[in-house]
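Read the structure below first, then the notes.
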Amino acid sequence: MDDRAVLPYGSWPTPVTSELVVSASVTLGSVVVDTDGSTWWAELRPDEAGRTAIVRDGVDVIAAPWNARTAVHEYGGGAWWVRDGVLWFTEWSDQRLHRVDPGAEPVAITSEPDVPRGVRYADGDVHPNGSRIACVRERHPAGGGPADVVNEVVAISTDGGDVEVLVSGPDFVSDPCWSADGSRLAWLEWDHPDMPWDSTRLMVDGELVAGGDAESVVQPRWTSDGALWFASDRTGWCNLYRWEPGDGTGRVVPVVIVDAEVTLPQWVFGHSRYALFDDGRVVVALRSAGIDRLSVWDGTALVDLDLPYTSVEHVTAAGTDVLVVAATPVAESTISRVRLDGTAVAGIDVLRPARALPLDAAWFSTPESITFPSADGRRAHGLHYPPASPTHRGPDGERPPLLVMIHGGPTSAARPMLQMKAQYWTSRGFAVVDVNYGGSTGYGRQYRELLHERWGVVDVEDCIAAARWLAERGSVDADRLCITGGSAGGFTTLACLAGDDTFAAGASHYGVADLEALARDTHKFESRYLDRLIGEYPAQRDRYVERSPIHHVDGFDRPLIVLQGMEDEIVPPSQSEMIVSAVRDKSVPVAYVEFEGEQHGFRRAENVRRALDSELSFYAQVLRFELPASEHIDPVPIANL
């Protein structure tokens, strides 16, 4: 007998409040083992104004307000590195490189640029002799646009001063790394209109050793014997290879070849999805069917490790053990030391635990991996979270509302881990589906390329198909289907609402409304991204107009809420303001929530809370259910309701 209290879906009381979602929450970044065996990592902390702290063995190395965050490519990553107890990092406020000696305060080692924050650094590697750092430098000249930004690999003295340009000419560079003896330098480079998951070139001292047209190479790593390891998608799956120097340009040897993806899209610097050991073993994260697993290659066979992780963000060797930043469907990310006995797990030591959540696991909805039919005979994928509450259930004969979540990118993927933002909805009585539409990663290059010239088509079809499929099988209420997404996901949200009547309401978080404006105004890294997703601009201008929600306001007849950071360099506020104004003039219910001081994505705890609660208030008003009075959520103003 189910003795839980009955309340309408959406109105269930829950301890998963917006305060809990952000309280003591952190996003764990990369992990490094220093020469003395100490473990360093990064923590993005919403409750500290969204700053990124650097931690050594559990102790902060830089105090607030220092913020280790780079703006290279606007998305950043790879903002810090260590050697012999010394930390170097890019400070967010001025983008200058700083050095921190043990027990000392940060000291800037690069000069103040002519343009504030106009010279930025990322992705560094300290030379084996400790004298200099090879890193990416991005220069923004005064009065220049995206085409004037210069990306180079430079060498900087570890205590400041001399700067030498090592690589210039390519539109983009990344992953500079010295060989073990310091005699050779490897790096990645690519040019417009490619993104790093389209085509990159792996270079060693100016010679091409792998990559090129329609081959993406990522994460090069040297070994002590002079070999260079890397991941490549030359077979259609991103797998592991080794380049062995020799006469000419050497030879490339395949190592771990499986129908799974080693790496994730290089939106940010500093990814590490495999670790090399002195005895020849390799620990590698592999993603298939949208789920991660950790495996060991012992030279002859690939053996899956018996671990609970379904999402792996970072892998680092630590002696004979491996450090991982990883999560499960019922636990947020931790930093753990996995002790290995050959190809078996001997034990797990948690170095940085997930936050202690003051609630029972019964409040968590465990995702179901789904595959469903879509347009043109395609199959698409997603993670379906049913409503979950140990105290409440919905009325007999009713089905829950559905929230379709759309990841950003669009070359990204739903994360198969405990997502407290999803639990915020499911614990109230919403069902959630996190859609991996055609174009998402984790399913091979062919699936990712389904979005080529079809952004705004394939993603829209797959999100609509996911909602309808769940409704048809009886999992959700077909009359209360909602859709939400940020950035590229916000564009898909707007496109679904403008061109189809499947959804009852939608939320766009800093989403694209005008593709032409995005093509003209966005930053260098993405300034030619749309060539692949839609077509060259302005040659294919008709496609940009056809797929831009701003040109289809006549199709908007469902309530919409738009949430926008006012310092967003990637999707400027003007994009959101255009769509809100057009929808308001059409007398469609619309809410607009501005976030001062936020860039692309909300990092401050108070703003993450406000965004969640505003979206919940919006759905409560348009779907007509009551919010729990105990949470004291202020109603978001909705025009035309």
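The values are calculated or read from the model by the stated rules, or taken from the named source; none is laboratory data. Computed from a prediction, not measured in an experiment: that's the story for all the values here. Every residue, glycine as well, gets a Cβ built from its backbone with ideal geometry; the counts of neighbours run over all protein chains shown.
Which one of these is surrounded by 20 or more Cβ atoms within 10 Å (Cβ to Cβ), at pLDDT below 95, within 20 Å of Glu598 (Cβ to Cβ) and of a type outside the set (Ser, Thr, Tyr): Gly76, Gly50? It is Gly50. Restricted to region 402-437, and to residues there that are in a loop (DSSP other than H, G, I, E, B) and small (Gly, Ala, Ser), the residue that is nearest to Gly511 (Cα to Cα) is Gly408. Does Pro170 satisfy being touching an Asp or Glu at 6+ places or on another chain (Cβ under 6 Å), part of a loop (DSSP other than H, G, I, E, B) and modelled with pLDDT of 95 or more? Considered against the rule, which asks whether it is touching an Asp or Glu at 6+ places or on another chain (Cβ under 6 Å), part of a loop (DSSP other than H, G, I, E, B) and modelled with pLDDT of 95 or more, Pro170 comes out as yes.
The criterion of at least 1 residues that are basic (Lys, Arg) is met by the following strands (runs of 3 or more DSSP E) wholly inside region 269-357: 282-288, 291-297, 331-341, 344-352.
Quick one: is Thr52 in a strand (DSSP E or B) and closer than 30 Å to Pro146 by Cβ? Against the criterion (in a strand (DSSP E or B) and closer than 30 Å to Pro146 by Cβ), Thr52 qualifies. For region 539-553, the set of residues classified as more than 13 Å from Ile579 (Cβ to Cβ) and assigned to a helix (DSSP H, G or I) consists of Arg541, Asp542, Arg543, Tyr544, Val545, Glu546, Arg547, listed by residue number. So, in region 276-305, how many residues would count as being among the charged types (D, E, K, R), more than 14 Å from Leu240 (Cβ to Cβ) and either at pLDDT below 95 or under 23 Å from the mean Cα position of the chain (by Cα) (or both)? Residues flagged as among the charged types (D, E, K, R), more than 14 Å from Leu240 (Cβ to Cβ) and either at pLDDT below 95 or under 23 Å from the mean Cα position of the chain (by Cα) (or both) within region 276-305 amount to 4. The numbered conditions (1) at pLDDT 95 or above; (2) touching a strand residue (DSSP E or B) at 6+ places or on another chain (Cβ under 8 Å) are all true for Ala354 except (1).
Quick grid of which residues meet (1) basic (Lys, Arg); (2) surrounded by fewer than 18 Cβ atoms within 10 Å (Cβ to Cβ); (3) touching an Asp or Glu at 6+ places or on another chain (Cβ under 8 Å):
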position	(1), (2), (3)
Leu87	no, no, no
His98	no, no, yes
Pro102	no, yes, no
Ala122	no, no, yes
Gly130	no, yes, yes
Val136	no, no, yes
Pro146	no, yes, no
Asp175	no, no, yes
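Search region 523-581 for residues being of a type in the set (A, V, I, L, M) and over 24 Å from the mean Cα position of the chain (by Cα), and hand back the single one that is surrounded by the fewest Cβ atoms within 10 Å (Cβ to Cβ). Among those residues, the one meeting the criterion is Ala539.
Whenever a residue of region 361-382 is farther than 17 Å from Ser311 by Cα and of a type in the set (Lys, Arg), it has no partner that is outside any strand (DSSP E or B) and at pLDDT below 95 lying with C-beta atoms less than 8 angstrom away and at least six residues away or across chains.
The one condition from (1) more than 26 Å from Ala79 (Cα to Cα); (2) part of a strand (DSSP E or B); (3) among the hydrophobic types (A, V, I, L, M, F, W, C) that Val258 does not meet is (2). When region 438-489 is limited to residues that are part of a loop (DSSP other than H, G, I, E, B) and of a type in the set (Phe, Trp, Tyr), the one that is surrounded by the most Cβ atoms within 10 Å (Cβ to Cβ) turns out to be Trp455.
Would it be correct to say that Ala611 is of a type in the set (Gly, Ala, Ser) and surrounded by 20 or more Cβ atoms within 10 Å (Cβ to Cβ)? Judged against the criteria, Ala611 is a match.
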